[in-house]
Structure formats: structure tokens, C-alpha cells
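Here is the structure we will look at, set down as C-alpha cells.
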Amino acid sequence: SEDDSRLEVSDIECRHAKWHAMETMRYFKSIYPDSELYYLIGSDNLAMFLRSHRLVEFLTDFHFAVVIRNKEYVEPILAENNDAFTRRERFEIIPSPIENDGISSTLVREYYRLGIPDTGRMLHPKVAELMQETTIYKNFQ
């Protein structure tokens, strides 16, 4: 990106709206085969993701970076799922920095679904502009 050369913005999920996390992660693995890839997820969505029928396959190939939301305790969520619990080393737990408090991709998607384009400080202005140009989140359920 213009602001940080270590970051790259991809529109792959805009071009493949029906893709799930597995397809997206495999796509990036094909581009960066020697990299260790992490799937970034908020703790507020972790329990739902752990119910995925492809969880073991996902955990075999990728890691999770779980950002704590709303002071949630992640360990009990992992302990409730045997596949996650036995592969605990595949999860990095990241405390949410104070300056990121209140920032949520789930909330951003909900705003766009409801037609509320002002996401305040949750998005970089260029990301907000890109989301305005695409309709991927307009019909998001």
C-alpha cells in the first residue's frame, strides 16, 4: 500500500463473492507458498468459525490470529472444541490495542449492508472508497 509497503490490498473476495475463508487462504498460499499464513479473526466470530465442517483441514494448513473483542476470554471458546483445543498451537491470541477499541469488520459490513457509509475511524479512507465502489457488502446477510 502507499502507506505501508508491507501491506497489500487484494480484491480477490470482491471478484469471488461466494468464496469462503478456505478458498481465500488457499489463493494466498498459491501466491506466497513459502509463507506461514494467519487468518485474522475477532474473538466475537471465533466460536462460529470453529463450527466449520472444514476446521481440521483449515487448521492443518493455516494459523489463526484471534483479536480479543469486548474483553472476551478465548481459551474457553477453544476448550469447547476438541479440534481447536488439540491444535492450540495454531492460535495466536492478540489483545486488542486501546486505539483499536470499537473497530470491527463485522460492524463495518453491517453498516454497509444497512446503507450507512460512514464508518468513522474504522476504515482507512481508501478502503472506505473501495467499499463504496463495490456492491459486495450491499447484499451481505
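For residue 108, state whether it is surrounded by 11 or more Cβ atoms within 10 Å (Cβ to Cβ) and either modelled with pLDDT under 90 or aromatic (Phe, Trp, Tyr) (or both). So residue 108 passes the test. Scanning region 48-61 for residues being over 10 Å from residue 84 (Cβ atoms) and either among the acidic types (Asp, Glu) or touching an Asp or Glu at 6+ places or on another chain (Cβ under 8 Å) (or both) gives a total of 2. Note on region 24-79: residues that are more than 22 Å from residue 10 (Cα to Cα), open to solvent by less than 80 Å² (accessible area, probe 1.4 Å) and basic (Lys, Arg) total 2. Being within 24 Å of residue 130 (Cβ to Cβ) and either touching a His at 6+ places or on another chain (Cβ under 7 Å) or assigned to a helix (DSSP H, G or I) (or both) holds for only one residue in 29, 18, and it is 29. Please indicate, with yes or no, whether at least one residue in region 20-40 is under 21 Å from residue 95 (Cβ atoms) and of a type in the set (Val, Ile, Thr). Within region 20-40, not a single residue is under 21 Å from residue 95 (Cβ atoms) and of a type in the set (Val, Ile, Thr).
The values are calculated or read from the model by the stated rules, or taken from the named source; none is laboratory data. Just so it is clear, the model here is predicted, and its values are computed rather than measured. Every residue, glycine as well, gets a Cβ built from its backbone with ideal geometry; the counts of neighbours run over all protein chains shown. SASA here: full protein model, heavy atoms, side chains in, ligands and nucleic acids out. Shrake-Rupley method; radii C 1.70, N 1.55, O 1.52, S 1.80 Å.
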